[in-house]
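Read the structure below first, then the notes.
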Amino acid sequence: MIPRMELYIDTANIDEIREAADLGVLDGVTTNPSLIAREGVDFHSQMAEICEIVSGPVSAEVVSIDHDGMISEADALLKIASNIVIKLPCTVDGLKACKTLSDRGVKVNMTLCFQPLQAMMVAKAGAFLVSPFLGRIDDIGGDGMELIQQIRTIYDNYGYTTKILSASIRHPLHLVQCALVGSDVATVPFKVISQMMKHPLTDSGLAAFLADWNK
Ligand code: G3P
């Protein structure tokens, strides 16, 4: 089967998730502690509500920085819904926790990935997803897309099955580039999802068609 690029929304806002889900092409959701804090809500109940709206993978991130703390937080999060994916940072403890959870069959999303060796290590540990942050690399004058391309090549060279989830996407061109280099998934803020079906020539062309029709 030819793989398709999956589209996730990167938000913890219920209205945005509902509106994106209504498009009929939303495959999953990613959240992070900053996005949850922005909503000012209880973490677990917000995740439960999100999982009721979207049946695909919903990433919930731990805030512990040690292996044992990550595992106990993950165990509590996994009770929320069957589509919860545990999001862990690309640190040494995160890698160990990824291995522990993946060996148990838990889906893990390894976040804050900024270099290709992090992506290779988490793939070896069995991660379901790896999240390279391309916008934040661009922000400091780097080339975020180069990282996505490097990870794609490494994973293809060795047949790693971890999916590349391009994150920190800032504009539609990032999405086009992700699709061109073969990112498996892109997680996108609501603002960018709203731009995906927009073009001024579509609007003006449609207006002209309708004006001619009505003459
Ligand atoms: O959720 C992770 C990532 O997408 C964050 O994006 O815009 O805060 O760099 P940003």
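The values are calculated or read from the model by the stated rules, or taken from the named source; none is laboratory data. As the structure is a prediction and not an experimental result, all values here were calculated from the model. Methodologically, a virtual Cβ is constructed for each residue, glycine included, from the backbone with ideal geometry; neighbour enumeration extends over all protein chains shown. Just so you know, the surface numbers come from the protein's heavy atoms only, side chains and all, with ligands and any DNA or RNA stripped out. Shrake-Rupley method; radii C 1.70, N 1.55, O 1.52, S 1.80 Å.
Brief remarks follow.
- Accessible-area composition of the chain, carbon plus sulfur, in percent [1.4 Å probe]: 58 percent
- Centre separation in Å (Cα based) which lies between region 177-215 and region 76-133: 33 Å
- Over 21 Å apart at the Cα level, from the set LYS163/LYS198; LYS87/LYS191; LYS87/LYS198; LYS107/LYS163, are LYS163/LYS198; LYS87/LYS191; LYS87/LYS198.
- Solvent-accessible heavy-atom area per residue, rounded to whole Å², over region 6-214 at 1.4 Å: 49 Å²
- With θ taken as phi - 60° and the Karplus curve 6.51 cos²θ - 1.76 cosθ + 1.60 applied, the whole-hertz 3J(HN,Hα) list for region 23-33 is 5, x, 10, 8, 9, x, 9, 10, 10, 8, x Hz, x standing for glycine and proline.
- With a cut-off of 15 Å between beta carbons, the residues surrounding THR11 carry a summed charge of -4, where Lys and Arg count +1 and Asp and Glu -1.
- Residue-count net charge about SER204 - beta-carbon cut-off 14 Å; Lys, Arg +1, Asp, Glu -1: -1
- Solvent-free Debye scattering, log10 I(q)/I(0), computed from the Cα coordinates of the chain at q = 0.11, 0.12, 0.13, 0.14 Å⁻¹: -0.53, -0.62, -0.72, -0.83
- Surrounding net charge for ALA81, when Lys and Arg each add one and Asp and Glu each subtract one, Cβ distance under 13 Å: 0
- Mean separation of Cα contacts under 8 Å (6+ apart) over length of region 26-173, as relative contact order %: 16 percent
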